[in-house]
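Notes follow once the structure below has been shown.
The values are calculated or read from the model by the stated rules, or taken from the named source; none is laboratory data. Everything numeric in this text was worked out from a predicted model, so none of it was measured. Please note: Cβ atoms are built from the backbone with ideal geometry, for glycine as well, and neighbour counts cover all protein chains shown.
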Amino acid sequence: MPRVSAASMRRQMLALVMVPVRPGGDRKRRFTVGKITASNESLLAPVSRYDVSISQEPHDAAGVRGWRQDLTVMEHQRSQGVWPLVLSILRGARGKAQANWDGSDGG
């Protein structure tokens with residue numbers, strides 16, 4: 001069995017959510033409007049810390065501004081599964097997303 005280094009385990013990259021859109025159902029015009037990427041920084045411990053990048057691509061035709069935010073989710077119980085982790089990420093990014101919705105510059 002191959003040996004996995006601590007450095008590679010520390011960087012367990014996981015693209016959690018990608019949101020693609022196919023205008024009019026046309027696969028050829030498919031593009032991604034949002035993405036969440038999380039990296040487990042706790043050697044896959046039962047209670048883990050994740051470094052996260054969450055972004056929304058701009059969509060001028062719909063009046064949507066793009067943004068990106070990096071954040072950390074601390075003390076996620078891995079036994080809870082992926083959806084509570086996604087919820088924690090969305091809650092952490094809420095300020096930036098809210099700023100996009102209400103026209104302020106975020107925070």
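Couple of notes before you dig in:
- The set of residues from the range 2-25 being outside any strand (DSSP E or B) and either at pLDDT 90 or above or on the phi > 0 side of the Ramachandran plot (or both) comprises R22, G24, G25.
- The strands (runs of 3 or more DSSP E) found entirely in the range 26-77 include none that carry 3 or more residues being small (G, A, S) and touching a residue at least 40 places away in the same chain (Cβ under 8 Å).
- Looking only at residues in the range 48-89 that are in contact with a helix residue (DSSP H, G or I) (Cβ under 8 Å, 6 or more places away or on another chain), of a type in the set (A, V, I, L, M) and at pLDDT 90 or above, the one that is surrounded by the most Cβ atoms within 10 Å (Cβ to Cβ) is I54.
- Test: G95 is surrounded by 13 or more Cβ atoms within 10 Å (Cβ to Cβ), modelled with pLDDT under 85, outside any strand (DSSP E or B) and of a type outside the set (S, T, N, Q): yes
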